[in-house]
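The values are calculated or read from the model by the stated rules, or taken from the named source; none is laboratory data. All of these numbers come straight from a predicted model, not from anything done at the bench. We place every Cβ from the backbone using ideal geometry, glycine too, and count neighbours over all the protein chains shown.
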Amino acid sequence: MAQGTAFAVVLGCVLGAIIGSKAAVWLQQPDAFVAGLGSPVLLWNGQSIVGALIGGLFGVEVAKHIVGVRTSTGDAFVTPLVAGIAIGRIGCFLAGLHDDTYGLPSALPWAMDFGDGIRRHPTQLYDIAFVLALGALLHRFRHQLARVPGLRFKWFLAGYLMWRVAIDALKPVPAPYPLGLSGLQWLSLVFLAGYLPVVVAQTRRIG
């Protein structure tokens, strides 16, 4: 890929991730979005990995369409994403109650008090464990997945979003949507409804 073309794809990824991250936060916390309309500082607080991943994907695809790239570029992002999410969740864990990634109250032996006297699921640590395991699994089957360019990234994204639908059930829901699910859970489910069948169909081509 030429240098200018590669820059355009990376730029599309970054812009898409920023837009997706903020849109997902506003979906997750609509009251905060309304309150933030009167304060740009409040409006731009918070970020979402789920939104960044989905937005980044759309940003890359738009950029590739504009510059005429037809090859898949996603596999190169898998390892950096695994590392980035794991490191980011360490920061979330250390932030404690100042971050909205902690879990619901729990009596399990490994539940943790983040400063308010209530023991909770350390969902940040669950996320780290899962993303590292997912990365290791995809690395284990990298040669098979490489038969279909981009498939390793697709399974990373699909796997992580399915995980988020499940693990977010152990987190407080700031604004319940239908079925009591959060905005991020519904965003993941809607995206997966169209994305997962494509991933499965491409996987079958491996033979």
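Kindly indicate which of 146, 158, 86 is at pLDDT below 95, among the aliphatic types (A, V, I, L, M), out of contact with any Asp or Glu (no Cβ under 7 Å at 6 or more places or on another chain) and within 24 Å of residue 60 (Cα to Cα). Show your work before the answer.
Values: 158 fails: at pLDDT below 95; 86 fails: at pLDDT below 95.
Of the residues listed, the single one that is at pLDDT below 95, among the aliphatic types (A, V, I, L, M), out of contact with any Asp or Glu (no Cβ under 7 Å at 6 or more places or on another chain) and within 24 Å of residue 60 (Cα to Cα) is 146.
Of the residues 170, 192, 151, only one is in contact with a His (Cβ under 6 Å, 6 or more places away or on another chain) and on the phi < 0 side of the Ramachandran plot; which?
170
Can you find a residue in region 137-147 that is exposed (fewer than 13 other Cβ atoms within 10 Å of the Cβ), of a type outside the set (D, E, K, R) and assigned to a loop (DSSP other than H, G, I, E, B)?
Within region 137-147, not a single residue is exposed (fewer than 13 other Cβ atoms within 10 Å of the Cβ), of a type outside the set (D, E, K, R) and assigned to a loop (DSSP other than H, G, I, E, B).
Taking region 159-207 as the region of interest, how many residues are crowded, with 16+ Cβ neighbours inside 10 Å and small (Gly, Ala, Ser)?
Total meeting the criteria: 4.
Is it the case that residue 190 is of a type in the set (Val, Ile, Thr), free of Cβ contacts under 8 Å to residues at least 24 places away in the same chain and outside the structural domain of residue 25 (by TED's automatic domain parsing)?
Answer is yes for this residue.
Looking only at region 55-112, filter to residues that are part of a loop (DSSP other than H, G, I, E, B) and among the acidic types (Asp, Glu); which one of those is farthest from residue 166 (Cα to Cα)?
Step one: list which residues in region 55-112 are part of a loop (DSSP other than H, G, I, E, B), which gives 68-73, 99-104, 106-111.
Within this subset, residues satisfying the condition of being among the acidic types (Asp, Glu) are 99-100.
Values: 99: 19, 100: 17 Å.
Within region 55-112, the match that is farthest from residue 166 (Cα to Cα) is 99.
Out of 121, 139, report the one residue that is farther than 25 Å from residue 80 by Cα and within 20 Å of the chain's Cα centre (by Cα).
Residue meeting the stated conditions: 121.
If I ask for residues that are touching a residue at least 12 places away in the same chain (Cβ under 8 Å), on the phi < 0 side of the Ramachandran plot and more than 24 Å from the chain's Cα centre (by Cα), which ones from region 102-118 would you list?
Residues of region 102-118 touching a residue at least 12 places away in the same chain (Cβ under 8 Å): 102-108, 110, 114-116, 118.
From the residues that got through so far, the ones that are on the phi < 0 side of the Ramachandran plot too are 102-108, 110, 114, 116, 118.
The answer is 106, 107, 108, 110, 116, 118.
Which is in the same structural domain as residue 161 (by TED's automatic domain parsing) and among the polar types (S, T, N, Q), of 47, 144?
Only one candidate passes the filter, namely 144.
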